[in-house]
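Nothing in this text is a laboratory measurement; each read-out follows from the coordinates by a stated rule. Remember, it's a predicted structure, so these values are computed and weren't measured experimentally. A quick note on method: Cβ atoms are made from the backbone with ideal geometry, for glycine too, and the neighbour counts reach across all protein chains shown.
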């Protein structure tokens with residue numbers, strides 16, 4: 001008579017998961033194995049250390065090993081546990097949105113600094129994806145309102161869910177639009193429907209031919225639309241910058257996240273479009289990461305007209 005299968009405990013199951021991920025060359029196998037166990041078993045580290053030798057239900061074991069097998073196929077951890085952290089907030093994510101990344105926090109932190117002393121500022125987040133940039137700004141500043149635009153309906157559904165989860169849904173509006181193509185942004189009776197204190201964007205900026213050279217987690221599982229910056233990676237910077245002044249108030253700001261080699265090109269686009277105080281900011285690794293510029297104040301424009 002066959003013996004009854006010995007039930008796993010948390011410690012032995014974590015060891016098994018770690019080995020699966022190590023054998024699949026997952027960079028942070030131990031950490032990912034733990035985070036998947038935390039998710040599958042619904043436990044904390046404190047619980048683990050107090051109960052690591054307790055037997056666990058077969059259903060939990062099966063769920064955990066299935067998740068480890070999926071991670072071994074280089075499906076991003078965030079897609080498996082449906083959460084990612086950006087600034088101090090937890091966001092829901094899935095395969096329909098770009099996973100929020102720590103590099104982008106430089107963009108959000110810069111935006112916070114600019115908006116800090118502004119009363120009731122309005123923000124437009126172009127290519128909003130998960131909504132992490134816009135929503136983190138609204139959550140940080142209670143008198144801020146904003147619009148998130150994206151071409152993907154599925155991405156917008158994720159952004160709306162995050163706005164509700166983080167408690168800013170009443171101050172956030174989401175619109176399906178290929179940059180400014182939607183009726184929402186069109187001129188009516190000689191006026192645009194809204195002017196913003198800030199236009200912020202982390203647009204697709206990877207040149208098409210470079211996408212296949214990215215890590216498997218990115219090239220195979222992040223949405224292609226969220227990566228593809230067309231031939232030279234600058235397509236969306238051109239499209240957005242060309243129309244940005246129409247949608248910004250005097251003294252408003254345009255902020256972009258950029259690829260590390262795009263600072264000079266994007267800064268030039270903004271200067272040619274009429275933005276002032278254009279600046280390139282570096283990330284913690286010393287790489288160009290943010291380009292920002294201001295709409296000239298009305299009195300500055302008048303002074304230039306008088307001089308001419």
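Of all DSSP bridge pairs formed entirely within the chain, close to 45 percent run antiparallel. Working ranking of peptides 56-63, 226-233, 145-152 by packing, defined as the average number of other Cβ atoms within 10 Å per residue, highest first, is 145-152, 226-233, 56-63. Among 71, 161, sorting on how many other beta-carbon atoms sit within 10 Å of each Cβ, with the fewest leading, yields 161, 71.
For the range 10-71, the alpha carbon convex hull comes to 64 Å³ per residue, rounded to a whole number. Computed extension gain for residue 209 through residue 153, at 0.36 nm per residue and net of the alpha carbon distance, reaches 17.6 nm. Neighbour counting of Cβ atoms within 10 Å sorts the residues 132, 127, fewest neighbours leading, into 127, 132. Between residue 85 and residue 265, the modelled labels are 3.4 nm apart [label points 7 Å from Cα along Cα→Cβ].
One chain, two ends: residue 70 and residue 175. Fully extended at 0.36 nm per residue, the span grows by 34.5 nm beyond their Cα-Cα distance.
By the helix-only formula, in which each DSSP H run with n ≥ 4 contributes -39500 (n - 2.57) and the sum is divided by residues, the chain has a 222 nm mean residue ellipticity of -12000 deg cm²/dmol. Round to a whole angstrom and tell me the spacing of the C-alpha centers of the range 189-263 and the range 19-75. Here the two parts' Cα centres lie 37 Å apart. Peptides 235-242, 190-197, ordered by how many other C-beta atoms sit within 10 Å of their residues on average, highest first, read 235-242, 190-197. Against the chain, whose longest principal axis comes from its Cα atoms, helix 263-273 is set at around 30 degrees. The long axis of helix 298-307 is offset from the longest Cα principal axis of the chain by roughly 40 degrees. Only one of (1) 63, 20, 16; (2) 33, 20, 17; (3) 44, 20, 17 was calculated from the structure for semi-axes √(5λ) of the Cα gyration tensor in Å, and its label is (3).
Each label was represented as a point 7 Å from its Cα along the Cα-to-Cβ direction; for residue 15 and residue 285 these points are 3.6 nm apart.
Each Cα pair under 8 Å and six or more residues apart adds its separation to the average, and for the range 188-308 the resulting relative contact order is 26 percent.
Subtracting the Cα-Cα distance of residue 109 and residue 46 from their residue separation scaled by 0.36 nm leaves 19.5 nm. From Cα pairs below 8 angstrom and at least 6 apart in sequence, can you work out the relative contact order of the range 80-132, rounded to a whole percent? With pairs under 8 Å counted, the relative contact order is 37 percent.
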